[in-house]
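Novice: Next up is a structure, given as structure tokens.
Taken together, the values in this text are just the output of simple stated rules run on the coordinates, not laboratory data. Quick caveat, the model's predicted, so the values are computed rather than measured. Using ideal geometry, Cβ is built from the backbone for each residue, glycine included, and neighbour counts are taken over all protein chains shown.
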Amino acid sequence: MIITLTTDFGLADPFVGIMKGVILGIAPAASLVDISHSVPSYDIDAGAFALANAAGYFPAGTIHVAVVDPGVGGSRHPIAVAAGGQVFVGPDNGVLSLAAGRFETGYVAHRIANEQWFRHPVSRTFHGRDIFAPSAAHLALGAVIELAGPRLDSMAQLATAQSPARVLAIDKFGNIVTSLRRAELGPAFTLRIAGQEIRRLRSSYEEAPRGELFAIEGSGGFIEISAREDSAAARLSARHGAEIEVETGPSNH
Amino acid sequence: MIITLTTDFGLADPFVGIMKGVILGIAPAASLVDISHSVPSYDIDAGAFALANAAGYFPAGTIHVAVVDPGVGGSRHPIAVAAGGQVFVGPDNGVLSLAAGRFETGYVAHRIANEQWFRHPVSRTFHGRDIFAPSAAHLALGAVIELAGPRLDSMAQLATAQSPARVLAIDKFGNIVTSLRRAELGPAFTLRIAGQEIRRLRSSYEEAPRGELFAIEGSGGFIEISAREDSAAARLSARHGAEIEVETGPSNH
Amino acid sequence: MIITLTTDFGLADPFVGIMKGVILGIAPAASLVDISHSVPSYDIDAGAFALANAAGYFPAGTIHVAVVDPGVGGSRHPIAVAAGGQVFVGPDNGVLSLAAGRFETGYVAHRIANEQWFRHPVSRTFHGRDIFAPSAAHLALGAVIELAGPRLDSMAQLATAQSPARVLAIDKFGNIVTSLRRAELGPAFTLRIAGQEIRRLRSSYEEAPRGELFAIEGSGGFIEISAREDSAAARLSARHGAEIEVETGPSNH
């Protein structure tokens, strides 16, 4: 059984290794895959985007654990969410909502309240170790999600879910991942960001002349703003969360 | 069988992957877990702390390999140490001492001198590949520790083991991990670091008002100095190894 | 079956995790090992060097996937190359050539054109996910390389393969890895880099006095320029690709 991990813990500290030790102590045959541990500290949006981008490429039955959890030890609940044949485990602060909320068949969310699953004593600062890792391991062993705790009517959503077009992420190559889908742009469009206009859609990097800023449909299905073998983000000083102005239809310029 | 790896090799170079290749060539069913490869270069204390923090969360039978080894190729011995139902493999320079030395039941240390376990020729610069990885793999296959080589009376300790309160580590969130345990502080205390005084103990991050510097018992059992969703280390310019002045009992300030 | 991954994707974005999800969806029992994901963006030479350095330490049957692919979606072909009992999968741009080309027994290269292996639709920007990961998984399941596609007469080589002595890599410790082999230097030599001369060959770091710049045979079989517990690269402002002047035989200085 595959268990994936997405956190803002980084890889320098032993936190991720500790979660894996707890998981393997309960479910020795689990196959562990890191999605990302470089989510910016406390950035629930970025964690939700990384998980939503990756989850669809894993087989049915995969259990995804996401821990971006500025409210750890406070009032937010731990939850387990079944959606699309997979299970998502993490705090109920929106970090699971993009990945688990995109299925037309809906989702089923349960509060995790089964103390038999927890490591004791449960710390106030590291639920990844004491609640989320062991819960994922018990689910991987075959426990049904109903054993986690009472069913919830809904899960928390991201505060930014309804905002206009914006920068979702900057990847390592400096590609600017936007919240726009190809179908939203139509045959002609103008994107405005940082005083620059982008009007060209390319279908591969190699098709673009060096130096050009262009739009391209990224592998995650979102429109990205790119420059061939160059950082579009550096050229536009683009930052995560920045708004993008979108105009569709023919342009007179 | 689980084998963990803790090194100062970083993840950019192929060294960690090479160690894993050597291990899997001998013990194909080993389950490999990274604790940290971002230990600062040559920093035996930091490597010892990362391993000691993580080891207790792994099940009995786990084999831990730690390679922070400025003396590689010199006179220090490779050792294997059985303690608490686990085995620790690395150079005899103190890097194993915190993790393997904390059990009341003691430890049993053996020099690793069994050349049948080594990759040949043994390089002078990469014992992680030629001695530690294959030795861990042979132990994972079930070899008893007595086969490693002659028993030793003791293992090397950290030079800093007896020093007063100090900063053990700065984590990715800017929490300052100190060498202090909760019981050492009592009901009232003052910690002095970088000209600032910390007197409040919080039991969760969310309990603290933003902007406050507070103490909290971290997940590893050490007192940490923290600020809610902020970097305490940046605010105090705290560095690994810095001393902390501790006063217990009521304060007149 | 072991599958290794070498890319310039970094670990912050979910790209590596996505490739692993695709692989495990096809070949659930695959054992995945990261060689490096910190290859500088688009640096085919550096990716080729990391893979060549590591591949020999993996057992026969290992499948190595390398994706440093500035031409993705363009005219370069995906290839699978059998050499030395292992299989190498990646773009035909030279990134596989150092690792797969060093065997006296030669290599057998096939274009990967079997669309039954691909994820559909195949994106123009992420062949790691849609072509290389699933092809490696099918090979791990036992598919013979002839099923990949037509045999090729040769594979692309690195543009730099014939250049004089140069800096192949800077490792995390600041060791300068050169393209020189021990046998090329003879009993006496002078290396000139950045206006400094290095004439001493040491057999371990510990043998050198602190402050000295010296040559040493690194674990990968290349001559490295090092300083004990110090960064030779920082002291010499050495960069990847820089030329090194080599003089052999006794010196008059």
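Novice: If you place +1 on the Cβ of every Lys and Arg, -1 on the Cβ of every Asp and Glu, and leave all else neutral, what size is the dipole of chain A about its Cα centre, to the nearest 20 Debye?
Specialist: With Lys and Arg at +1 and Asp and Glu at -1, about 160 debye.
Novice: Any idea which of C:VAL122, B:HIS240, A:LEU32 is furthest toward the positive side of the dipole for the protein assembly as shown, if Lys and Arg beta-carbons carry +1 and Asp and Glu beta-carbons -1?
Specialist: Projecting each Cα onto the dipole axis, the largest value belongs to A:LEU32.
Novice: Which one, A:SER75, C:TYR205, B:ALA83, projects farthest toward the positive side of the charge dipole computed for the protein assembly as shown from Cβ point charges (K/R +1, D/E -1)?
Specialist: B:ALA83
Novice: Here is a follow-up. How would you rank B:ASP171, A:ASP8, going from fewest to most other Cβ atoms within 10 Å of each one's own Cβ?
Specialist: In increasing order of surrounding Cβ atoms, one gets B:ASP171, A:ASP8.
Novice: Tell me which trypsin sites (Lys or Arg not before Pro) from the stretch B:80-183 have a DSSP coil assignment and no more than 16 other beta carbons within 10 Å of their own.
Specialist: Hits after loop and neighbour filter: B:ARG102.
Novice: Along Cα-to-Cβ, 7 Å out, sits the label point; list in nm, shortest first, how far the one on C:VAL122 is from those in the other copies.
Specialist: Sorted ascending, the copy-to-copy spacings read 5.0, 5.0 nm.
Novice: Follow-up. Could you list C:TYR57, B:TYR42 so that the one with the fewest beta carbons within 10 Å of its beta carbon is first and the one with the most is last?
Specialist: Ascending Cβ contact count within 10 Å gives the list B:TYR42, C:TYR57.
Novice: Summarise the partner chain shielding of A:22-34 as one whole number: the mean count of Cβ atoms from other chains within 10 Å of each residue's Cβ.
Specialist: Neighbouring Cβ atoms belonging to other protein chains average 4 per residue here.
Novice: In nanometres, what is the gap between the two model label sites at A:GLU184 and A:ALA159, each 7 Å from Cα along Cα-to-Cβ?
Specialist: Spacing of the two 7 Å Cα→Cβ label points: 2.0 nm.
Novice: Ok, one more. Calculated from DSSP H runs of 4 or more alone, at -39500 (n - 2.57) each and per residue, what is the 222 nm mean residue ellipticity of chain B, nearest 500?
Specialist: -4500 deg cm²/dmol
Novice: Would you kindly work out the equivalent ellipsoid of the stretch C:1-114 from its C-alpha gyration tensor and give its semi-axes, the square roots of five times the eigenvalues, largest first in whole Å?
Specialist: Semi-axis lengths for the stretch C:1-114 are 19, 17, 14 Å.
Novice: Would you mind computing, in nm to one decimal, how far apart the modelled labels at B:LEU147 and B:SER237 are, each placed 7 Å from Cα along Cα→Cβ?
Specialist: According to this spin-label approximation, the distance is 5.5 nm.
Novice: Taking a label point 7 Å from Cα toward Cβ, how far is C:ALA29 from its twins in the other copies, in nm, shortest first?
Specialist: Result, one decimal in nm: 1.2, 1.2.
Novice: May I pose another question? What is the distance, in nm, between label points placed 7 Å from the Cα along the Cα-to-Cβ direction at A:ARG210 and at C:LEU201?
Specialist: Modelled inter-label distance: 4.0 nm.
Novice: So which lysines pass the test for B:LYS20, namely a Cα distance under 22 Å, with those fewer than 8 places away in the same chain ruled out?
Specialist: A:LYS20, C:LYS20, C:LYS172
Novice: Quick one: net charge of A:VAL22's neighbours, Cβ under 10 Å, K/R +1, D/E -1?
Specialist: Local charge sum for A:VAL22: +2.
Novice: So if I place +1 on the C-beta of Lys and Arg and -1 on the C-beta of Asp and Glu, and nothing else carries charge, what would the dipole magnitude of the protein assembly as shown be about its Cα centre? I want it in debye, nearest 20.
Specialist: Dipole size: approximately 240 debye.
Novice: Here is a further query. With N residues in the protein assembly as shown, what two-decimal value do you get for its Cα radius of gyration over 2.2 N^0.38 Å?
Specialist: Normalised Cα radius of gyration, the protein assembly as shown: 0.97.
Novice: For the stretch A:119-135, what does the Karplus curve 6.51 cos²θ - 1.76 cosθ + 1.60, with θ = phi - 60°, yield as ³J(HN,Hα) per residue in whole Hz, taken in order and with x for Gly and Pro?
Specialist: Rounded to whole hertz, the list is 7, 10, x, 6, 6, 8, 10, 9, 6, x, 7, 9, 10, 6, 4, x, 5.
Novice: Could you work out how far helix B:44-55 tilts from the main Cα principal axis of chain B, as a 0 to 90 degree angle to the nearest 10?
Specialist: For B:44-55 against chain B, the angle is about 90 degrees.
Novice: A follow-up question, please. Under 12 Å from a point placed 7 Å out from the Cα of A:THR248 along the Cα-to-Cβ direction: which residues of the stretch A:166-202 have their backbone N that close?
Specialist: Residues A:180-190 qualify, since their backbone N sits under 12 Å from the label point.
Novice: If you rank B:HIS120, C:HIS77, B:HIS110 by fewest surrounding Cβ atoms within 10 Å, what's the result?
Specialist: B:HIS120, C:HIS77, B:HIS110
Novice: In nm, one decimal, shortest first: how far is the label point of C:ARG239 (7 Å from Cα along Cα to beta carbon) from the matching points in the other copies?
Specialist: 2.9, 2.9
Novice: Let me ask another. What is the spread of the Cα atoms of the stretch B:99-206 along each of their three principal axes, largest first, in whole Å?
Specialist: Projected onto the principal axes, the Cα atoms of the stretch B:99-206 cover 56, 30, 28 Å.
Novice: Could you identify the residue of B sitting closest to the B-C rotation axis by Cβ and state that distance rounded to whole angstrom?
Specialist: Checking which Cβ lies nearest the axis yields B:LEU11, 4.
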